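Take a look at the structure below.
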Amino acid sequence: MKDGAAALSSFVDCGGKTVVIVGGGMAGLSAGWWLKKNGIEDFLILELEPQVGGNSSYGENAVSKFPWGAHYVPLANSESKYVRQLFLELGIIEADHDKEKPRYNELYLCHDPQERLFKDGSFQEGLVPKRGLKPSEEAEMKRFFDTVHELRDAKGSDGKPAFAIPLDHSSEDPRFRDLDKISFAGWLKENNFASRPLNWYVNYCCRDDYGATAENVSAWAGLHYFAGRRGHAANAETNSVVTWPEGNGFLVSRLKELLADKIVTNAPVLRLTEDKEGGSLCYFTRDGAVSRYKTKFTIFCAPRFLAPYMVEKYKLEKKPTYAPWLVANITLKKAPAGRGVGLAWDNVSYYGDSLGYVVANHQNITTRRSSVVVTYYLPLSQLPPDAARRKLLNSPEKAWSAAIVDDLEAMHPGITEDIISIDLWPWGHGMISPGVDYIWQERRKLPLNQGAVHFAHSDMSGISNFEEAQYQGVQAAERVLTQLEKS
Ligand SMILES: Cc1cc2nc3c(=O)[nH]c(=O)nc-3n(C[C@H](O)[C@H](O)[C@H](O)COP(=O)(O)OP(=O)(O)OC[C@H]3O[C@@H](n4cnc5c(N)ncnc54)[C@H](O)[C@@H]3O)c2cc1C
């Protein structure tokens, strides 16, 4: 930081702001949404990139919009109050947002067919392996789902759900929380869940939500995937999700419209220092010059591993583990076919390392869809994260594209002929991994604030998804609002 510190000695003084939000990902946009809803207007969001959105960013070509990261949100649990509130404001929930079964906008509920799995040469419906299972494997699968359904309805001695969304609403009962002290793989072994189809499915789910295998996430986190989602809708199946061609970029666009005059892009924040008057000084660059805001409060919504480089005197005891991902958007002349059940929104193979692909323009209501964009997801979970990041960075684009084509060819022989383009996006620190003891031990050591700098970001939950990012953003805004009321 020597050069950076020297650069800070001369700067353009931008004056004062009540609040500056650092980072315009879901947490930063949500903090802004909540401040504005509560009557605060004197704030800005400074975003490093040319566009806001972070891991929920999206792109667009002549065929469709498409996500670069987050692509769906499950039906919101009743305790996910901020999600339901926002969904009501954006018309995603049309009625009864405070009832057990809200009515969702049919345009945004994932259209059928939602999922299919390629196994033994053809596609079957859904992602749980069903066809060709031995009776013992079928019985084990049933026992697993009975167990997680029981956990979904379980409450702790404090009356709270065993697994909640946001996860801070979960029971503190050690019966459940102690599950964070062992790995999910260990829990599966302890409970005699050993068959290949079940282990494939469970690992698929962990890699899908956490970018890590069952070996590398805690049993609490692993079970949260299956037992935490309790959302219902008046007009959809319980396992439904809401999705858009641009994925969660839809939420980003709507929040961006709402906060249009508050967002400054291409504005990387360099340093946050303490102000003698109790606020903070926020240095950032724009158009090649260093600028500075004097703020009463700053909400830091960038990933936490950046805090030691940016926040004066901030020390991170232990760097969290982040999962690297590769995402590819592939434009095809025509929709991929394949033996067995027809094209679904989410299309997964039982073989290979990827999570398959999601059809970006699945939600388009048209009887004549020809070209499609498919979004291909590859968590690099087979290597330790640092080695995986190096591989992500050092392997040429051509090699990644060739590996993706091979994977797609295995599901759809001849698909190469239909490929118009392949665009890649590497996520070096894609999402935090909830390893053993992270959620209920390590993350709690992360301070909520340091002086006038309040922290938000999905990292503070230990699980990276829209609901947690939004919750952390709103919670930080709430803390700032409380302090503003007092001052
Ligand atoms: C491949 C992938 C797929 C995913 N799929 C889903 C999904 O389907 N559903 C779901 O709910 N979640 C999904 N997620 C999780 C996703 O991370 C969260 O939903 C959410 O977008 C995280 O938001 P955030 O604000 O916490 O963090 P981030 O998205 O990391 O936002 C941080 C922001 O800070 C900015 N920033 C960083 N440094 C600076 C600086 N110095 N100055 C200014 N700004 C800075 C960044 O550019 C970024 O915009 C996925 C994640 C990945 C990687």
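The values are calculated or read from the model by the stated rules, or taken from the named source; none is laboratory data. Computed from a predicted structure; not experimentally measured. Counting neighbours? That spans all protein chains shown, and the Cβs are built from the backbone with ideal geometry, glycine included.
Brief remarks follow.
- Any chance Pro447 is outside the structural domain of Thr18 (by TED's automatic domain parsing), out of contact with any Lys or Arg (no Cβ under 9 Å at 6 or more places or on another chain) and assigned to a loop (DSSP other than H, G, I, E, B): no
- Qualifying residue in segment 53-72 (condition: within 21 Å of Lys17 (Cβ to Cβ) and within 8 Å of the ligand (Cβ to nearest atom)): no
- Screening segment 18-51 for residues that are near the ligand (Cβ under 6 Å from one of its atoms) and aliphatic (A, V, I, L, M) and picking the one that is surrounded by the most Cβ atoms within 10 Å (Cβ to Cβ) gives Ala27.
- Residue in segment 463-470 that is within 16 Å of the ligand (Cβ to nearest atom), small (Gly, Ala, Ser) and closer than 30 Å to Asp120 by Cα present: no
- Verdict on Leu86 being touching a Lys or Arg at 6+ places or on another chain (Cβ under 7 Å) and modelled with pLDDT of 95 or more: no
- A single member of Asp423, Asp346 is touching a residue at least 60 places away in the same chain (Cβ under 8 Å), crowded, with 19+ Cβ neighbours inside 10 Å and outside the structural domain of Asn199 (by TED's automatic domain parsing), and it is Asp346.
- Total residues in segment 450-462 satisfying the condition of being more than 9 Å from the ligand (Cβ to nearest atom) and either part of a helix (DSSP H, G or I) or in contact with a Gly (Cβ under 6 Å, 6 or more places away or on another chain) (or both): the figure is 1.
- Matching option when the condition is under 23 Å from Gln382 (Cβ atoms) and away from the ligand (no atom under 16 Å from the Cβ), among Ser433, Ser421, Ser401: Ser401
- Residues in segment 313-343 that are away from the ligand (no atom under 16 Å from the Cβ), assigned to a loop (DSSP other than H, G, I, E, B) and of a type outside the set (Lys, Arg): Glu317, Ala335, Pro336, Ala337, Gly338, Val341, Gly342, Leu343.
- Residue within segment 138-145 that is surrounded by 19 or more Cβ atoms within 10 Å (Cβ to Cβ) and either among the polar types (S, T, N, Q) or in contact with a Lys or Arg (Cβ under 6 Å, 6 or more places away or on another chain) (or both) present: no
- Identification of helices (runs of 4 or more DSSP H) wholly contained in segment 190-302 with 2 or more residues that are away from the ligand (no atom under 13 Å from the Cβ), among the small types (Gly, Ala, Ser) and buried (at least 18 other Cβ atoms within 10 Å of the Cβ) yields 219-227.
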